[in-house]
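The values are calculated or read from the model by the stated rules, or taken from the named source; none is laboratory data. No experiment lies behind these values; they were computed from the predicted model shown. In this analysis, Cβ positions are derived from the backbone assuming ideal geometry, glycine residues included, and neighbour counts consider all displayed protein chains.
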Ligand SMILES: C[S@@+](CC[C@H](N)C(=O)[O-])C[C@H]1O[C@@H](n2cnc3c(N)ncnc32)[C@H](O)[C@@H]1O
């Protein structure tokens with residue numbers, strides 16, 4: 001079967017290859033340059049950007065920073081620079097926290113390249129520690145730290161518990177108009193969001209989109 005598909009694919013004319021590639025290219029154009037492919041996050045990023053506009057968001061927190069800057073829109077999402085760009089255009093502030101020195105350096109280099117230092121602060125810290133000490137109101141919370149595993153059940157549970165703890169720590173800084181987006185959910189074992197979304201549903205949060213990412217607002 002695989003051999004058959006490969007043979008058919010090889011026989012397709014170049015125009016069809018180009019068309020297929022074009023269909024698979026999920027850009028956020030015109031907000032982001034067309035060359036960036038946001039793949040499975042396009043739908044949730046687009047809806048989130050719309051909500052940020054509508055709700056006049058002023059404070060954004062991201063756990064787990066864009067360690068490769070804008071290089072990995074397909075794999076990691078590059079959310080720091082999507083939401084950071086929005087923040088700059090809308091006089092909002094963004095804090096992105098990461099436990100790894102290397103990740104922080106990768107993100108900070110891109111912050112410098114994009115001239116986003118007045119908008120985005122990248123913090124080197126455990127997200128739980130950072131959130132405990134954060135004392136301002138949060139309008140948009142993006143949870144994407146503790147790396148998930150598609151196969152290792154222990155890592156899956158640890159990642160899910162970590163994202164639940166993050167939410168519980170910052171919960172009282174959220175308000176009725178806050179937006180929460182959780183990355184890497186559509187994965188075996190329920191992804192990063194499994195446990196935190198169960199908790200949030202009980203606390204009157206409503207799922208707006210349940211795709212690769214889960215987007216929630218208050219009921
Ligand atoms: C998938 S990446 C984040 C991708 C980023 N949000 C983006 O959109 O490009 C996950 C990051 O979480 C960080 N991380 C893992 N455990 C963490 C923790 N306890 N506190 C803060 N960051 C953590 C990792 O170092 C890694 O850089």
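Based on this model, can you work out whether residue 31 counts as at pLDDT below 95 and surrounded by fewer than 21 Cβ atoms within 10 Å (Cβ to Cβ)?
Working: at pLDDT below 95: no; surrounded by fewer than 21 Cβ atoms within 10 Å (Cβ to Cβ): yes.
No; evaluated as a whole, the condition is false for this residue.
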- Note on the structure: Reported set for segment 81-96 where residues are away from the ligand (no atom under 12 Å from the Cβ) and either out of contact with any strand residue (DSSP E or B) (no Cβ under 9 Å at 6 or more places or on another chain) or free of Cβ contacts under 8 Å to residues at least 24 places away in the same chain (or both) is 85, 89, 90, 91
- Just one of (1) touching a residue at least 40 places away in the same chain (Cβ under 8 Å); (2) not in a loop (DSSP other than H, G, I, E, B) trips up residue 162, so point out which. (1)
- Task: Determine which single condition residue 155 fails, assuming it passes every other condition in (1) surrounded by 15 or more Cβ atoms within 10 Å (Cβ to Cβ); (2) within 10 Å of the ligand (Cβ to nearest atom); (3) farther than 24 Å from residue 44 by Cα.
- Result: (2)
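Conditions (1) touching a strand residue (DSSP E or B) at 6+ places or on another chain (Cβ under 6 Å); (2) closer than 21 Å to residue 136 by Cα, marked per residue:
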| residue | (1), (2) |
| --- | --- |
| 161 | no, no |
| 169 | no, yes |
| 185 | yes, no |
| 189 | no, no |
| 196 | no, no |
- Query: Could you count how many residues in segment 200-219 are in contact (Cβ under 8 Å) with a residue 24 or more places away in the chain and either surrounded by fewer than 15 Cβ atoms within 10 Å (Cβ to Cβ) or in a strand (DSSP E or B) (or both)?
  - Reply: 11
- Answer from 73, 44 - the residue that is surrounded by 14 or more Cβ atoms within 10 Å (Cβ to Cβ), near the ligand (Cβ under 9 Å from one of its atoms) and either in a loop (DSSP other than H, G, I, E, B) or touching a residue at least 24 places away in the same chain (Cβ under 8 Å) (or both): 73
- Within segment 98-119, the residues that are in contact (Cβ under 8 Å) with a residue 40 or more places away in the chain and more than 12 Å from the ligand (Cβ to nearest atom) are 109, 113, 114
- In segment 47-70, which residues are more than 8 Å from the ligand (Cβ to nearest atom) and within 22 Å of residue 105 (Cα to Cα)? 60, 61, 69, 70
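Take residue 134 and decide whether it is over 15 Å from the mean Cα position of the chain (by Cα), assigned to a loop (DSSP other than H, G, I, E, B) and buried (at least 16 other Cβ atoms within 10 Å of the Cβ). Don't jump to the end; show me each part of the working.
Details: over 15 Å from the mean Cα position of the chain (by Cα): yes; assigned to a loop (DSSP other than H, G, I, E, B): yes; buried (at least 16 other Cβ atoms within 10 Å of the Cβ): yes.
Answer is yes for this residue.
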- Would you call residue 83 surrounded by 19 or more Cβ atoms within 10 Å (Cβ to Cβ) and within 23 Å of residue 218 (Cβ to Cβ)? yes
